[in-house]
Number of protein chains: 2
Amino acid sequence: MKPKLNEVAKYANVSEATVSRVLNQRPGVAEDTRRKVLDALTRLGYNFGAERVRKFRTVGIITPELDNPIFPYMAQAIESKLARHGFLSMLGPATPTTAHERDYLQHFVRMGASGIVVVNGAYARRSIGYAAYERLLAEGIAVVLVNGIYQPCPVPAITIDIAAAAQSAVRHLINLGHERIGCIAGDMQYTSPQDLARGYERALRAANLHVDPDLIVEALFTLEGAKSAATTLIDRGVTGLIAMSDLIALGAISAAQARGMEVPRDLSVIGFDGTPLLGMRGPTLTTLRQPVDRMAQSVAAMLLGQMNGDTQPTQVFEADLIAGGTAGIAPALVRQPERAGASHLA
Amino acid sequence: MKPKLNEVAKYANVSEATVSRVLNQRPGVAEDTRRKVLDALTRLGYNFGAERVRKFRTVGIITPELDNPIFPYMAQAIESKLARHGFLSMLGPATPTTAHERDYLQHFVRMGASGIVVVNGAYARRSIGYAAYERLLAEGIAVVLVNGIYQPCPVPAITIDIAAAAQSAVRHLINLGHERIGCIAGDMQYTSPQDLARGYERALRAANLHVDPDLIVEALFTLEGAKSAATTLIDRGVTGLIAMSDLIALGAISAAQARGMEVPRDLSVIGFDGTPLLGMRGPTLTTLRQPVDRMAQSVAAMLLGQMNGDTQPTQVFEADLIAGGTAGIAPALVRQPERAGASHLA
């Protein structure tokens with residue numbers, strides 16, 4: 001049903017020309033007036049089809065479960081950048097047990113989103129591929145994928161260079177005297193854990209250290225999964241480890257404490273993400289911080305660019321190693337003076 | 001534009017009767033088939049109006065900024081309960097600086113949401129009132145408000161009894177020997193901070209302790225705001241305090257540490273929310289835990305009830321005092337033996 005221009009104009013108390021300008025997205029209408037007209041259209045039952053609704057400039061942001069605080073943090077950062085350009089962001093938290101990414105994709109398309117951002121999406125599982133997102137592009141919807149990207153990626157994307165970050169974290173542990181270093185990688189079906197393991201191996205090889213495949217452990221992306229993986233690594237004698245997320249790092253610290261070990265005295269732990277708040281109490285977490293604000297800025301720029309016909313290649317960001325209080329000198333180096341003293345006495 | 005039944009049936013490779021059943025939300029269609037039909041409708045450019053989209057059973061969840069981890073946690077819990085009933089949840093993070101609650105309300109209505117959940121919404125500022133939500137109800141949209149409720153509330157709502165919770169927290173501190181107790185309340189224009197202060201005063205009066213208005217401090221709902229409020233209270237000589245959120249409690253702990261004080265030795269801190277993860281490192285936070293899972297369950301039940309014409313009154317939940325490691329015996333009681341020893345020597 002399509003109400004007549006004059007009905008809408010009367011309801012909104014504006015001229016018919018103004019209603020027409022709003023409907024056709026022409027400039028020269030104050031935001032207040034635009035809202036009044038849109039409100040009148042809604043009240044009068046204007047049947048907004050996808051094409052029409054698209055012009056309200058909404059963006060859908062799909063993230064994994066919000067239990068891992070990096071995802072709401074990333075979503076809020078992207079929302080905030082897009083809001084400056086007049087976009088309203090809708091969040092869809094896709095989880096394995098409730099709503100799936102494809103449900104949200106379908107819904108965002110149906111409701112006429114101008115753009116869709118997918119953070120660590122289904123594509124990150126290599127077997128899934130990018131076809132679903134290419135179809136969105138073909139339908140004229142702007143798309144930006146965030147993290148978990150592998151090349152060649154035919155869809156605009158930004159990603160952290162996880163392998164490089166992992167390499168710098170392991171190098172840091174090696175410099176602190178650690179030789180038996182573990183890697184809690186997450187689910188190896190996904191790109192990011194594969195990249196983490198690759199950077200981990202590269203750093204060990206560069207230092208002529210043995211790469212022991214038993215020290216790369218898969219883990220569910222949960223605290224419990226992290227605890228179990230960390231316990232396995234502790235049993236295998238590691239003195240330091242890197243983790244795929246801060247959440248996993250916290251699980252590892254918790255597992256060490258449950259064994260009566262102190263961090264970093266007995267076990268050094270380096271996380272990934274730089275999630276705010278997680279480092280608030282006790283020693284701050286040593287972690288690879290994602291430049292979330294700059295990444296969000298890029299996501300917004302890439303989305304807007306696409307809407308103007310400008311498609312950019314994948315942008316790669318570096319994670320910064322933030323030296324907190326959970327990675328320290330290897331236990332052997334700390335204990336050496338004691339042992340030396342003991343032999344002296346004998 | 002309305003594609004013909006037979007086109008849709010052909011595209012989806014199902015019978016016309018099936019397409020019709022899906023369009024009219026009649027039972028007897030397998031979920032896979034339903035999806036295929038909906039997908040075909042979208043691909044063929046079916047012009048979903050608000051009435052139609054409403055039948056896709058989406059719910060909008062509006063929360064304050066996601067920087068406070070209780071909000072994504074609450075949203076995810078509600079999403080998860082609703083998903084079991086076949087609803088797809090869209091999140092709208094309303095913040096003072098980006099998108100407003102009214103933008104999301106308007107958008108969720110326009111996109112045809114079956115229900116809307118508002119967590120700590122604009123209504124929590126008493127001057128705003130409930131009229132906007134009553135209008136939604138009148139339009140046939142199910143609405144549930146969560147927390148920050150004041151009576152009489154004409155809209156289905158669930159809320160924590162914040163005054164009772166605050167009273168139990170202050171009683172706990174009094175039992176630990178504290179007499180000079182502070183309250184970091186948040187912004188007093190909102191209901192929850194008012195309730196917190198009310199429960200705080202009630203507990204002091206019940207113990208015949210003086211109520212000093214200087215010990216109830218307003219704070220912005222940010223870490224920085226919390227630090228500044230806590231510093232004020234520390235300067236005013238409190239040995240214990242309660243905070244409107246775990247986030248504020250963390251800010252208070254951080255302010256105490258910046259002054260060289262130890263928690264709980266020199267300052268006892270009780271938070272509010274029971275946010276997971278925040279208590280992960282160091283001593284766990286003593287806090288008033290919201291029963292988020294049960295609350296989410298109620299939100300889902302109330303929404304579904306409304307869709308079946310069943311409107312329930314406000315449901316009130318109690319927060320549990322979780323005795324963690326940040327509230328301890330008042331410093332004076334700990335130091336007494338020392339002083340006694342000193343006088344003994346003199």
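The values are calculated or read from the model by the stated rules, or taken from the named source; none is laboratory data. As the structure is a prediction and not an experimental result, all values here were calculated from the model. Note that we place each Cβ from the backbone using ideal geometry, even for glycine, and neighbour counts take in every protein chain shown. Areas reflect the complete protein model, heavy atoms only, side chains present, ligands, DNA and RNA absent. Shrake-Rupley method; radii C 1.70, N 1.55, O 1.52, S 1.80 Å.
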Quiz item: Can you tell me how many residues in the stretch B:59-101 are more than 17 Å from the chain's Cα centre (by Cα) and within 9 Å of chain A (Cβ to nearest Cβ)?
Solution: 7
Quiz item: Restricting attention to the stretch A:206-228, does a residue exist that is under 22 Å from A:PRO264 (Cα atoms), more than 18 Å from the chain's Cα centre (by Cα) and of a type in the set (Val, Ile, Thr)?
Solution: yes
Quiz item: Does any residue of the stretch B:259-273 turn out to be of a type in the set (Val, Ile, Thr) and over 24 Å from the mean Cα position of the chain (by Cα)?
Solution: yes
Quiz item: Given the structure, is B:ASP32 over 19 Å from B:HIS85 (Cα atoms) and modelled with pLDDT of 70 or more?
Solution: no
Practice problem: Being without any contact (Cβ under 8 Å) to a residue 40 or more places away in the chain and open to solvent by 10 Å² or more (accessible area, probe 1.4 Å) is the filter here, so list the residues in the stretch A:68-86 that pass it. | Solution: A:GLN76, A:ALA83, A:GLY86
Quiz item: Pick from the stretch B:106-131 the residues that are surrounded by 19 or more Cβ atoms within 10 Å (Cβ to Cβ) and over 15 Å from B:VAL146 (Cα atoms): which of them is farthest from the other protein chains (Cβ to nearest Cβ)?
Solution: B:SER114
Practice problem: Report yes if B:ALA226 is within 14 Å of chain A (Cβ to nearest Cβ) and open to solvent by 10 Å² or more (accessible area, probe 1.4 Å), otherwise no. | Solution: no
Quiz item: Is the stretch B:152-164 home to any residue that is without any contact (Cβ under 8 Å) to a residue 24 or more places away in the chain, more than 17 Å from B:GLU101 (Cβ to Cβ) and either open to solvent by 10 Å² or more (accessible area, probe 1.4 Å) or in the same structural domain as B:ILE61 (by TED's automatic domain parsing) (or both)?
Solution: yes
Quiz item: Checking B:ARG294 against (1) part of a helix (DSSP H, G or I); (2) modelled with pLDDT under 80, which test does it fail?
Solution: (2)
Quiz item: Quick one: is A:VAL238 over 27 Å from A:TYR123 (Cα atoms) and either among the β-branched types (Val, Ile, Thr) or open to solvent by less than 10 Å² (accessible area, probe 1.4 Å) (or both)?
Solution: yes
Self-check item: Close pairs (9 angstrom Cβ cut-off, 6 or more residues apart or separate chains): touching a residue at least 40 places away in the same chain (Cβ under 8 Å) in the stretch A:235-257, basic (Lys, Arg) and in a loop (DSSP other than H, G, I, E, B) anywhere
Solution: A:ARG236/A:ARG180; A:GLY237/A:ARG180; A:VAL238/A:ARG180; A:THR239/A:ARG180; A:GLY240/A:ARG180; A:ILE253/B:ARG281
Self-check item: Single match in A:ALA252, A:ALA258 (criterion: open to solvent by less than 10 Å² (accessible area, probe 1.4 Å), at pLDDT 90 or above and under 25 Å from B:VAL263 (Cα atoms))
Solution: A:ALA252
Practice problem: Among the residues of the stretch B:199-217, count how many are buried (at least 18 other Cβ atoms within 10 Å of the Cβ) and closer than 25 Å to B:GLN151 by Cα. | Solution: 7
